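**Q** Let me give you the structure first, and then I'll get to my questions.
The values are calculated or read from the model by the stated rules, or taken from the named source; none is laboratory data. Since this is a predicted model, take the numbers as computed values, not measurements. Neighbour counts run over all protein chains shown; Cβ positions are idealised from the backbone, glycine included.
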Amino acid sequence: MSGLIDQFLPARVMTRFLPRSPFAGVCVSALMGLVFPMCECGIVPVIRRLIAKGLPVSNAVAYMLAAPIVNPITALSTYAAFRGQGAAEFTTLRLGLGFFIAALVGMAVYNLSIGSVLKKEILESVALGSADSGGGGGAPITRRLVAAMDAGVRDFLDVMLYFIVGAAAASVFGTAINQSLFLPLAMHDWLAVPSMMGLAGILALCSSSDAFVAATFVSFPAVAKLAFLVFGPMMDLKLVFIYAAVFRRRFVFGLAVGLFVLIGLICLRLSVIGL
Amino acid sequence: MSATTSRFTASGILLIWGVTLVYFQLSGRVASYLHPDFHIPTFIAGIVLLAFSVALIFTIRFVDPSGREDCGARHPFGGGILAVAVLLVPLLLAVRMSQGQFSASTVMNRGLVTDSSELPTFSSPVDPALPGESETPVDGSMMDPSLYLKKNADGQIVAETVDLLYAAAEEGMRADFENKDVEVSGQFLSARTGNPAGDRFQLMRLFVMCCAADARPVAITVHSKSLADFPEMTWVKVIGTATFPVEGGRHIVVIEAQSVSEIEPPVESFTY
């Protein structure tokens, strides 16, 4: 898909379809997963090409963070996993909070300079993409298809490189750490939420199946499970490495800390009001 | 890296990944890692990678051999030796060395599931599960159990650990198994708790929703008069009587073993 975007999507065509208001644009981008559902691993090469094609970084980040949660597949799996535990309310809360956080982070990124967010190579590709007015331009279709394949393969291998490192780290933590160590934290109101987010970061589960795991943490309060299901698809061990394929390390670190604090505070607030 | 070298390197990496995925599917090793729903997509992914690998070679005439990476920025591979190593060495080591199953310490780190309420697919039973309360059989329990319970040639019910765990929590299902002879297969684990007389062990199967990453070890207790002594994680078949005594305020599964024998690992090591 990223290769086809590279060759066949004219530069800046998306900005014509997005609302002019930055806030509305970020909100629409955060909802794009409903139409173009992607998992958290597959979305990174796609947004990389979309950024090169002129999609504002704030919109790309909003789409990247929201799409693994705000999509029909995740909604259905969450509903199925929480049957008998207020499935409709929980699914709505998960998608709603996922959208809200993604839009909020998107607006924060809107206020940052693009150079502080993107890696140098990606910045250069943005410049190249802006100069390229029509994807593959007037080249023959065969040559454009070959170029699309080259771009797709390159994106695949680039992301795989980071994915393998991230998956190795996640698998070590997922198998070598005794997960029962987390259970006593469930009894503590203030620690249940951050400990579940920490667990989500370590387990690095796919957003289409993580709800089935979260639903089994019966001793944890609902808000802690909500934090697990919102934080996990946005930031985990493997994603730290995958994001590093596109974004500056400092930005990835800031994003990880920001998401942890933001989701943690919102979920703690929700617990105070009795969720 | 020149454009031609980049193309050959990318093709080689895709070839190795594609062959690995196809090999895992054809050899059945994929069953140790993924839910059956993902076996065919994995095979297709392997074929697609092989197709791309071949296509990269057949389209080499489109490449300007003098083109450098920093000029085109669209070569199919932009990494160096280290990147190639990261992309290939872990994969090849995994293919060569992975045992295709968790170790006992990994299973214990995951935490044994001995209560069906900790299972991903759990939904509260219609009837109360706790002893002492009025228990009304659910509609399903009115069906003839022979319609949905499989039996072996000796007439014993062939059950999974997860079936028995659900039965412990639901009276309707419990009646199907209680005091009946069952055959259950799983992996042997020493009983670390609830074993004061030292004559119990755990029989474990991994329950999977998606892939090995979300595997939950589902364990039931087996009571054996002649102490079964196998290495941890050995595949065993237990034939015995299913009982559901109340321990710790809830019904638990205890198989009163008549025989415990080592078996070959099944093709499908997970339950779903």
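**Q** Cβ-Cβ distance below 9 Å, separation of 6 or more or different chains: which pairs start in region A:162-190 with a residue that is more than 20 Å from A:Val240 (Cα to Cα) and end on one that is among the β-branched types (Val, Ile, Thr) and crowded, with 17+ Cβ neighbours inside 10 Å?
**A** A:Gln179/A:Ile202
**Q** Could you say whether any residue in region B:213-225 is outside any strand (DSSP E or B) and over 30 Å from B:Thr42 (Cα atoms)?
**A** The answer is yes; a qualifying residue exists.
**Q** I want to confirm something. Restricting to region A:6-42 and keeping residues that are loosely packed, with under 15 Cβ neighbours inside 10 Å and of a type in the set (Gly, Ala, Ser), which single residue is modelled with the highest pLDDT?
**A** Among those residues, the one meeting the criterion is A:Ala24.
**Q** Something else about it: Which residues, taken from region B:158-187, are of a type in the set (Phe, Trp, Tyr) and out of contact with any Asp or Glu (no Cβ under 9 Å at 6 or more places or on another chain)? Steps first, please.
**A** Of all residues in region B:158-187, those of a type in the set (Phe, Trp, Tyr) come to B:166, B:177.
The one that is of a type in the set (Phe, Trp, Tyr) and out of contact with any Asp or Glu (no Cβ under 9 Å at 6 or more places or on another chain): B:Tyr166.
**Q** Does region A:173-196 hold any residues that are part of a loop (DSSP other than H, G, I, E, B) and either among the aliphatic types (A, V, I, L, M) or within 14 Å of another protein chain (Cβ to nearest Cβ) (or both), and which are they?
**A** A:Ile177, A:Asn178
**Q** A further question follows. Going by what's in this entry, would A:Leu268 be described as in contact (Cβ under 8 Å) with a residue 40 or more places away in the chain, in contact with a helix residue (DSSP H, G or I) (Cβ under 7 Å, 6 or more places away or on another chain) and within 14 Å of another protein chain (Cβ to nearest Cβ)?
**A** No.
**Q** Tell me, which residue of region B:167-192 that is within 14 Å of chain A (Cβ to nearest Cβ) and under 24 Å from the mean Cα position of the chain (by Cα) is surrounded by the fewest Cβ atoms within 10 Å (Cβ to Cβ)? Show your work before the answer.
**A** Taking region B:167-192 as the starting set, the residues that turn out to be within 14 Å of chain A (Cβ to nearest Cβ) are B:169-170, B:192.
Right, trim to under 24 Å from the mean Cα position of the chain (by Cα) and you get B:169, B:192.
Values: B:Ala169: 23, B:Arg192: 10.
So, considering only residues that are within 14 Å of chain A (Cβ to nearest Cβ) and under 24 Å from the mean Cα position of the chain (by Cα), the one surrounded by the fewest Cβ atoms within 10 Å (Cβ to Cβ) is B:Arg192.
**Q** Residue check: is A:Leu205 outside any helix (DSSP H, G or I), at the interface with chain B (Cβ under 7 Å from one of its Cβ atoms) and not aromatic (Phe, Trp, Tyr)?
**A** yes
**Q** Still on this structure, I have one more. Which condition number in (1) closer than 25 Å to B:Ala10 by Cα; (2) at the interface with chain B (Cβ under 8 Å from one of its Cβ atoms) is the one that A:Ala167 fails?
**A** For A:Ala167, the exception is condition (2).
**Q** Answer with yes or no whether A:Leu55 is out of contact with any strand residue (DSSP E or B) (no Cβ under 7 Å at 6 or more places or on another chain) and surrounded by fewer than 24 Cβ atoms within 10 Å (Cβ to Cβ).
**A** Details: out of contact with any strand residue (DSSP E or B) (no Cβ under 7 Å at 6 or more places or on another chain): yes; surrounded by fewer than 24 Cβ atoms within 10 Å (Cβ to Cβ): no.
The answer is no for A:Leu55.
**Q** When only residues in region A:7-30 that are in a helix (DSSP H, G or I), in contact (Cβ under 8 Å) with a residue 40 or more places away in the chain and within 21 Å of the chain's Cα centre (by Cα) count, which is nearest to A:Met149 (Cα to Cα)?
**A** A:Met14
**Q** Considering only region B:64-112, how many residues are at pLDDT 75 or above, surrounded by fewer than 17 Cβ atoms within 10 Å (Cβ to Cβ) and basic (Lys, Arg)?
**A** So the answer is 1.
**Q** What are the residues in region A:233-275 that are closer than 26 Å to A:Pro37 by Cα and among the hydroxyl-bearing types (Ser, Thr, Tyr), if any?
**A** If the condition is that a residue be closer than 26 Å to A:Pro37 by Cα and among the hydroxyl-bearing types (Ser, Thr, Tyr), then A:Tyr243 is the only one that fits.
**Q** Looking at B:Met204, B:Met209, which is the one that is in a loop (DSSP other than H, G, I, E, B) and within 17 Å of the chain's Cα centre (by Cα)?
**A** B:Met209
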